[in-house]
Amino acid sequence: MTKPELEWTWKELPIGTTMLEPGNSDQYRTGDWKTLKPVLNKELCIHCGLCYIFCPDMSYNLSEAGYFIVDLFYCKGCGICAKECPTGAITMVLEEEEK
Amino acid sequence: MGKRVGMEVSIAAAEAVKQANVDVISAYPITPQTHVVEHLSELVANGELDAEFFCVESEHSALSVCLGSSATGARSFTCTSSQGLALMSEITYIASALRLPIVMIIANRTLSAPINIWNDHSDVMSIRDCGWVQFFAENGQDVYDHVFIAYRLGEDRNVLLPVIINMDGFTLSHVIEPIELIDQEKIDQFLPPYKPVLSLHPDRPVTMGGIALPGIFTETKKAQEVAIRSSMPKILETWKAFGEMTGRYYHPIETYKAEDAETLLVTMGSFGETASAAVDKMREEGRSVGLMKIRLWRPFPFDAFKTASLNAKQLVVIDRAISVGACGPVASELKAALYEGHQRPSIYNFIAGLGGRDVAPSDFVKMVDKAEIEIEEGNKEGFEIYGVRE
């Protein structure tokens, strides 16, 4: 298995920094790039899935309860989901304020 | 002993590439590299060399093709000059970082402007830091020999680096010289087929040339730096093995009548032979002058250089390129190399032979004369462009 980038030493890198495992980009935490994060108001959600369709990072997944839930490990906070949501169920909130 | 024949150096270079049994040649024509690739395309067209010859639309593509082919494990060759190398420069950095053992001959030519098709080292100096092993050839035999040396070295599992062979444009590329051709049997023994450690193959998918974020990029560069530095013992070993096969021994720094010399001329490339003639003449006159020739430019042979310059009072360094606003790139390197020493020789730097201007043995004598006077007068780190009309 590959590991997070900060755990690699130069000696361990494969020759030419070749990636030996296909699809290891899912190890990259792109979620820490964002300042705004989407917050869903389930009462307004009509389960249309537009957030899922428009998300450029494919960060939305369908939950068992039938809601599309954002995976904040990948979400870069672009806000496209909030813009596209037809009922205004998604709002972008400063991550800092959440804490 | 192989056959000794009179041959244009570019043709000899192409014959070497054929004997090295390359799989892929990718090139775009540019003076003065053309004879090398024209001859290779003939060899492929005539069925004398079983290789793919890619006629690409630019040098950027020429080396990009080599990246792809080398990544699949194919022995790959390209050749360029001047503006072509400048256009290719982006890919040169990628080839070394991906550790692909491509071999490239550069028929050295200056860079525009003004447009000039003739020889100097401006082109290769523009990619000085590209991470390839870089040899300079003094004559045609050096060029021919180093094709085999370059492939064996670059493809070594402990090296895996691309290699540049610098051949002075026209001064070497277009002259006919006696070349001792090596028997194919010997070449096949010296140069086994390339077996890559990692390669592009559908059975075992890998990604080459992916992204590295700030958290890991520095580690990749450290790995690359260590790789080229630690290629030095392999370079020496490869030259030794080649010497045992042919009787022609190469060294990172080669000297001529240098042991007891107070003044050392320092040259790189085809200047070496002309400067030897100048040294002979000055020795006849009883002057204490010798010659140091830099054959290996990257990795730079710091130790060999320090040893060779130990007894000299002054170095007269002849650069065939200029770092405008600083000095000659070779002189700059040598000054840095000597900084730590206690007994530093003075360095007088001439820029000579730009854009194909001839530098005759008498010119080397004049440069030594001038440098000795200047240094005696206290100008210990002089720099000038030689032979400029005032």
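The values are calculated or read from the model by the stated rules, or taken from the named source; none is laboratory data. In this text, all values refer to a predicted model and were calculated from it rather than measured experimentally. Counting neighbours? That spans all protein chains shown, and the Cβs are built from the backbone with ideal geometry, glycine included. Side chains included, ligands, DNA and RNA excluded: accessible areas come from the protein's heavy atoms. Shrake-Rupley method; radii C 1.70, N 1.55, O 1.52, S 1.80 Å.
Observations
- Residues satisfying the stated conditions in the range A:1-30, i.e. part of a helix (DSSP H, G or I), at pLDDT 90 or above and touching a Ser or Thr at 6+ places or on another chain (Cβ under 8 Å): A:10, A:17
- Consider the range A:1-28 and keep the residues that are among the acidic types (Asp, Glu) and more than 8 Å from chain B (Cβ to nearest Cβ). The one that is farthest from the chain's Cα centre (by Cα) is A:12.
- Check on residue B:216, on the phi < 0 side of the Ramachandran plot, aliphatic (A, V, I, L, M), free of Cβ contacts under 8 Å to residues at least 60 places away in the same chain and more than 14 Å from every other protein chain (Cβ to nearest Cβ): no
- One residue stands out among those in the range B:340-371 that are open to solvent by 30 Å² or more (accessible area, probe 1.4 Å) and touching an Asp or Glu at 6+ places or on another chain (Cβ under 9 Å): the one that is farthest from residue B:32 (Cα to Cα), which is B:370.
- Restricting the search to strands (runs of 3 or more DSSP E) fully inside the range B:29-138 and requiring at least 3 residues that are of a type in the set (Val, Ile, Thr) and open to solvent by 10 Å² or more (accessible area, probe 1.4 Å) gives an empty result.
- Of all residues in the range B:231-247, those that are within 14 Å of residue B:160 (Cα to Cα) have Cβ atoms under 9 Å from Cβ atoms of residues that are open to solvent by 40 Å² or more (accessible area, probe 1.4 Å) and part of a helix (DSSP H, G or I), 6 or more apart or on another chain, in B:232/B:303; B:238/B:152.
- Search result, residues across the range B:336-376 that are under 21 Å from residue B:311 (Cα atoms), among the β-branched types (Val, Ile, Thr) and touching a helix residue (DSSP H, G or I) at 6+ places or on another chain (Cβ under 8 Å): B:347, B:365, B:368
- Counting only helices (runs of 4 or more DSSP H) wholly contained in the range B:273-390, no element carries 3 or more residues that are on the phi > 0 side of the Ramachandran plot.
- Check on residue B:226, within 14 Å of another protein chain (Cβ to nearest Cβ) and either surrounded by fewer than 20 Cβ atoms within 10 Å (Cβ to Cβ) or over 16 Å from the mean Cα position of the chain (by Cα) (or both): yes
- Taking the range A:31-50 as the range and being open to solvent by less than 60 Å² (accessible area, probe 1.4 Å), in a loop (DSSP other than H, G, I, E, B) and in contact with a strand residue (DSSP E or B) (Cβ under 9 Å, 6 or more places away or on another chain) as the test, the residues that pass are A:45, A:49.
- Subset of the range B:252-304 [in contact (Cβ under 8 Å) with a residue 24 or more places away in the chain and among the charged types (D, E, K, R)]: B:254, B:257, B:259, B:260, B:262, B:273, B:281, B:283, B:287, B:293, B:295, B:298
- Screening residue B:250 with (1) open to solvent by 60 Å² or more (accessible area, probe 1.4 Å); (2) in a loop (DSSP other than H, G, I, E, B); (3) away from chain A (no Cβ under 13 Å); (4) of a type outside the set (A, V, I, L, M, F, W, C) gives one miss only, at (1).
- Taken together, A:45, A:51 contain a single residue that is touching a Cys at 6+ places or on another chain (Cβ under 6 Å) and more than 11 Å from chain B (Cβ to nearest Cβ), which is A:51.
- Looking across the range B:335-352 at every residue that is in contact with a Phe, Trp or Tyr (Cβ under 7 Å, 6 or more places away or on another chain) and not aromatic (Phe, Trp, Tyr), the one that is modelled with the lowest pLDDT is identified as B:337.
- Residue within the range A:58-79 that is of a type in the set (Val, Ile, Thr), free of Cβ contacts under 8 Å to residues at least 60 places away in the same chain, open to solvent by less than 80 Å² (accessible area, probe 1.4 Å) and within 14 Å of another protein chain (Cβ to nearest Cβ) present: no
- Residue list for the range B:147-186, filter: more than 27 Å from residue B:273 (Cα to Cα), over 16 Å from the mean Cα position of the chain (by Cα) and surrounded by 19 or more Cβ atoms within 10 Å (Cβ to Cβ): B:155, B:159, B:160
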